[in-house]
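> Quick one: this structure, given as structure tokens, is what I'll be asking you about.
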Amino acid sequence: MDGGVTKKTPVTSSQVAELAGVSQSAVSRTFTPGASISSKTRAKVLAAAKELGYRPNAIARSLITNRSRIIAVVMAYLENLFYPDVLEELGRRLAAENYHLLLFTGFMDRDSDPVFDQLMQYRVDGIILASTSLSSELSDECTVAGIPVVLFNRTTERESASSVTTRNREGGRLVGEFLVAGGHKRFGYISGLENSSTNRDRFGGYRHALKAHGITAIEIRTGNYNRADAEKAARELLSLKQRPDAIFVANDHMAVAVMDVARYEFGLSIPKDLSIVGYDDVGAARWPSYGITTVTQPIEGMVEATVDILMEQIASGEIEAMHKVIAGELVVRTSARLPKSGIVEVDSRQLYRPERKA
């Protein structure tokens, strides 16, 4: 006597059609989002499918329609709370378009080419690269294959890849103006990955704002968007004989580490002894124990723009690079000294909006 478990043969759509008394195409239309099917026929098919335990095979359908309805998201740096929030919003937006999200782990400090072959096995309809990038060769290969690629929170000059980012240079400039207006005299900067477009733009705006006020001396250390590196950078800056009294940190994930070092290793009072400004406006920045003054990256607007680009290019079959830039705000909390003017309240938030000279 065989005591093993008998493997159940999968139920087919033709069996569902036979039980429901409809055509096989009616079964297919019932399980195809947006397809035309009468409510009466749909109810009969769903009842038969439930009775038989039928589930449609998405992979088999993709071979027929040439659409998997899967968007690959290649994402690195998930310890930064900004990206889990992005992932959650992407999931919601794609689901509203009847698409599914398939996550791959990429590499923050280099191209994500090693995962390319893996994700292409899933016949994905589009690719979103967040906190990582793709080589120009593989970007061109995606174009030839008719697969749109969008870089999220990165800029690119490639003709075959689209991008969605925020006004990073403008954000850095706002930080510089805010800190100068707050009466600070010695300035520091803790960078992210030095070769990333976001880091270059944020620092470029910061440096430009300080230079406009005759300030060229900036103590710079590299944090690599990494907590341990940010802690090391903070220790170096705060050990200087003439330590900065204001530090712009390239994102909030590192700013939290810098604040911890300043408080618990150097006994500094924030913002009395040291002002710290971050970037992103992640959850920790809003916690009262940190209260980080920071530049926002509007996740909903960035995700909406990303999904809109993908849906447009998937529907049209035409891949032409589109670049969208979303504006952010400098949210004022408790981690930095306040300037005498330029603070406004909008929707229960304090924002820094300095008056521009005509």
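The values are calculated or read from the model by the stated rules, or taken from the named source; none is laboratory data. All figures in this text were calculated on a predicted structure; none of them were measured in a lab. Here Cβ is always computed from backbone atoms with ideal geometry, including for glycine, and neighbour counts include all displayed protein chains. With ligands, DNA and RNA removed, areas are computed over all heavy atoms of the protein, side chains included. Shrake-Rupley method; radii C 1.70, N 1.55, O 1.52, S 1.80 Å.
> Can you tell me which residues in segment 253-262 are under 23 Å from residue 330 (Cβ atoms) and either buried (at least 18 other Cβ atoms within 10 Å of the Cβ) or basic (Lys, Arg) (or both)? Spell out the reasoning first.
Residues of segment 253-262 that are under 23 Å from residue 330 (Cβ atoms), as a first pass: 253-260, 262.
If the condition is that a residue be under 23 Å from residue 330 (Cβ atoms) and either buried (at least 18 other Cβ atoms within 10 Å of the Cβ) or basic (Lys, Arg) (or both), then 253, 254, 255, 256, 257, 258, 259, 262 are the ones that fit.
> Residues to consider are 302, 311; find the one that is over 30 Å from residue 184 (Cα atoms) and open to solvent by less than 10 Å² (accessible area, probe 1.4 Å). Full working, then the answer.
Numbers: 311 fails: open to solvent by less than 10 Å² (accessible area, probe 1.4 Å).
None of the others qualify; the one that does is 302.
> Checking residue 349 against (1) open to solvent by 30 Å² or more (accessible area, probe 1.4 Å); (2) in contact with a Phe, Trp or Tyr (Cβ under 9 Å, 6 or more places away or on another chain); (3) at pLDDT below 95: exactly one of these is not met. Which one?
Evaluating residue 349 over (1) open to solvent by 30 Å² or more (accessible area, probe 1.4 Å); (2) in contact with a Phe, Trp or Tyr (Cβ under 9 Å, 6 or more places away or on another chain); (3) at pLDDT below 95 leaves (2) as the failure.
> Regarding residue 168, is this residue under 30 Å from residue 129 (Cβ atoms) and surrounded by fewer than 23 Cβ atoms within 10 Å (Cβ to Cβ)?
On the way: under 30 Å from residue 129 (Cβ atoms): yes; surrounded by fewer than 23 Cβ atoms within 10 Å (Cβ to Cβ): no.
So residue 168 does not fit the description; no.
> Here is a list: 237, 268. Which entry is farther than 26 Å from residue 353 by Cβ and in contact with a Gly (Cβ under 7 Å, 6 or more places away or on another chain)? Give the derivation first.
Numbers: 268 fails: in contact with a Gly (Cβ under 7 Å, 6 or more places away or on another chain).
That would be 237, the only listed residue that is farther than 26 Å from residue 353 by Cβ and in contact with a Gly (Cβ under 7 Å, 6 or more places away or on another chain).
> Which of the residues spanning segment 225-252 are open to solvent by 40 Å² or more (accessible area, probe 1.4 Å) and in contact (Cβ under 8 Å) with a residue 60 or more places away in the chain?
Filtering segment 225-252 down to residues open to solvent by 40 Å² or more (accessible area, probe 1.4 Å) leaves 226-229, 231-232, 235-236, 239-243.
Passing the criteria: only 227.
> So, in segment 157-182, how many residues would count as being assigned to a loop (DSSP other than H, G, I, E, B), modelled with pLDDT under 95 and not basic (Lys, Arg)?
4
> Does segment 267-276 contain at least one residue that is out of contact with any Asp or Glu (no Cβ under 9 Å at 6 or more places or on another chain), open to solvent by less than 20 Å² (accessible area, probe 1.4 Å), within 22 Å of residue 82 (Cβ to Cβ) and modelled with pLDDT of 95 or more? It would help to see each step written out before you state the result.
Looking only at segment 267-276, we keep the residues that are out of contact with any Asp or Glu (no Cβ under 9 Å at 6 or more places or on another chain), and these are 268-272, 276.
Still in the running and open to solvent by less than 20 Å² (accessible area, probe 1.4 Å): 276.
Adding the requirement that they be within 22 Å of residue 82 (Cβ to Cβ) leaves 276.
Add one more test, that the residue is modelled with pLDDT of 95 or more, and what stays is 276.
The answer is yes; a qualifying residue exists.
> On to the next question. Kindly establish whether residue 355 is among the charged types (D, E, K, R), surrounded by fewer than 13 Cβ atoms within 10 Å (Cβ to Cβ) and farther than 22 Å from residue 169 by Cβ.
On the way: among the charged types (D, E, K, R): yes; surrounded by fewer than 13 Cβ atoms within 10 Å (Cβ to Cβ): yes; farther than 22 Å from residue 169 by Cβ: no.
Against the criterion (among the charged types (D, E, K, R), surrounded by fewer than 13 Cβ atoms within 10 Å (Cβ to Cβ) and farther than 22 Å from residue 169 by Cβ), residue 355 does not qualify.
> Let me ask something additional. State which residue pairs qualify: first residue open to solvent by 10 Å² or more (accessible area, probe 1.4 Å) and among the β-branched types (Val, Ile, Thr) and inside segment 126-144, second residue modelled with pLDDT of 65 or more and in a loop (DSSP other than H, G, I, E, B) in any location, beta carbons under 8 Å apart, and separation of 6 or more residues or different chains.
Correct list of pairs: 143/160; 143/319.
> Another question, then. If you take the residues in segment 51-77 that are open to solvent by 70 Å² or more (accessible area, probe 1.4 Å) and of a type in the set (A, V, I, L, M, F, W, C), which one is modelled with the highest pLDDT? Before the answer, list the steps.
Looking only at segment 51-77, we keep the residues that are open to solvent by 70 Å² or more (accessible area, probe 1.4 Å), and these are 51, 55, 57, 59, 63-67, 69.
Right, trim to of a type in the set (A, V, I, L, M, F, W, C) and you get 59, 63-64.
On the way: 59: 53, 63: 48, 64: 49.
Ranking the qualifying residues of segment 51-77, first place goes to 59.
> Return the only residue of 334, 306 being out of contact with any helix residue (DSSP H, G or I) (no Cβ under 6 Å at 6 or more places or on another chain), more than 30 Å from residue 182 (Cα to Cα) and modelled with pLDDT of 95 or more.
Details: 334 fails: more than 30 Å from residue 182 (Cα to Cα).
After ruling out the rest, the residue left standing is 306.
> Determine, yes or no, whether residue 154 is modelled with pLDDT under 85 and within 15 Å of residue 201 (Cβ to Cβ). Quick ask: steps written out before the conclusion?
Numbers: modelled with pLDDT under 85: yes; within 15 Å of residue 201 (Cβ to Cβ): yes.
For residue 154, the condition - modelled with pLDDT under 85 and within 15 Å of residue 201 (Cβ to Cβ) - is met.
> Within segment 195-209, can you find the residues that are under 12 Å from residue 167 (Cα atoms), of a type in the set (Gly, Ala, Ser) and modelled with pLDDT under 95?
The answer is 197, and nothing else.
> On to the next question. Hey, among the residues in segment 314-329 that are small (Gly, Ala, Ser) and open to solvent by less than 50 Å² (accessible area, probe 1.4 Å), which one's farthest from residue 82 (Cα to Cα)? Can you show your working first?
Initial filter on segment 314-329 (small (Gly, Ala, Ser)): 315-317, 321, 327-328.
Going one step further and asking which of them are open to solvent by less than 50 Å² (accessible area, probe 1.4 Å), we end up with 321, 328.
Values: 321: 25, 328: 14 Å.
Once the filter is applied, the top-ranked residue is 321.
> Restricting the first residue to segment 304-319 and requiring it to be farther than 16 Å from residue 130 by Cβ, which pairs with a second residue that is among the β-branched types (Val, Ile, Thr) and assigned to a helix (DSSP H, G or I) meet a Cβ separation below 9 Å and a spacing of at least six or different chains?
319/143
> Additional query: Look at segment 227-249 and say how many of its residues are farther than 21 Å from residue 215 by Cα and in a loop (DSSP other than H, G, I, E, B).
Total satisfying the criteria: 1.
> Just one of 263, 349 is under 28 Å from residue 89 (Cα atoms) and among the charged types (D, E, K, R); which is it?
Exactly one residue qualifies, and that residue is 349.
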